[in-house]
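Everything below concerns the one structure shown next.
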Amino acid sequence: MTTDDEAPASTEAPEPLIVRYNRQVHSWRLLAILALAAMCLIIPFAAEGPIEDSWRFAGVLIAAALIWAVVTVFRLRDRSPQVLIDENGVFFREWLVGTIPWENIQFIAHSSQVRRGIVASITRTRKKPYLMFKFIELPKVRPTAPIPFKWLQFVRAEFAIQEPILQQYGLDTPVNDILASIQQHIAHWQTEHDILEDEQPGQEKPGQIPPETDG
């Protein structure tokens, strides 16, 4: 018989965290894109040279801006989860790899603790703040777009998953809150699996934040 003082600790999992697109950020982005497209109409009147070439150049810029605007509109209307943190692991839609189980996460680094080399800073630009992940085993990318966009989606996701990051920009939840939720779920996962810090000396437990990470 168990007394109240000897009652077992609760093993209930923390509440899942669902992160969606930030509508305010994407609304301002849409306005900026449309303003840029409107400014491109000035090019033919201000440029020197053949008027046909000026209109052609302006048309290309306007078309690119309108495509970008359409993508932004889709994000404004999209209320599906972009990030999901629960007892199963971490899901980030942009990676196209499904849910990453906790046992496959070696560590997570906050951008304030990431030290990057000059080459990495030039070739892979990132908007802070963000979280950088390292997986024990690289997950397989599973594109969802139809052909011919499937190949482009695969290349983009495959490039991203080689150095997976989760940027705050465009999302409705700060990365600090995302990281706090991750740490809570990892602590619960470790308790459920009886994982102790001293069971694997010299190895980082899942979700551990290293003091410094070279990019």
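Listed values, structure above:
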read-out	value
Ile67-Arg142 FRET efficiency (beta carbon distance; Förster radius 25 Å; 0.05 resolution)	0.50
Rounded if a/c under 1.5, otherwise prolate or oblate - region 16-79, Cα gyration tensor axes	prolate
FRET E, pair Leu34, Ala13, Förster distance 41 Å, beta-carbon r, rounded to 0.05	0.40
Selection of trypsin sites (Lys or Arg not before Pro), region 64-111, meeting DSSP coil and at most 16 other Cβ within 10 Å	Arg79
Neighbourhood charge, 12 Å Cβ-Cβ cut-off, centred on Leu96 and excluding it, Lys, Arg +1 and Asp, Glu -1	+3
Part-to-part distance (alpha-carbon centres) for region 130-201 and region 22-98, which is given in Å	25
Spin-label model distance (nm) - Glu52 vs Ser80, 7 Å beyond Cα toward Cβ	4.5
Computed lengthening from Phe135 to Gln190, 0.36 nm per intervening residue step minus Cα-Cα distance	18.1 nm
Long-range amide H partners of Phe107 with built H, under 5 Å	Lys134, Gly207
Restricting region 1-105 to GluC sites (Glu not before Pro) in coil, as DSSP defines it, with at most 10 other Cβ within 10 Å	Glu12, Glu48
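Quick note: the coordinates plus some simple rules give every number you see, no bench work behind them. Owing to the predicted nature of the structure, the values given are computational and were not obtained by experimental measurement. Note that each Cβ is placed from the backbone with ideal geometry, even for glycine, and that neighbours are counted across all protein chains shown.
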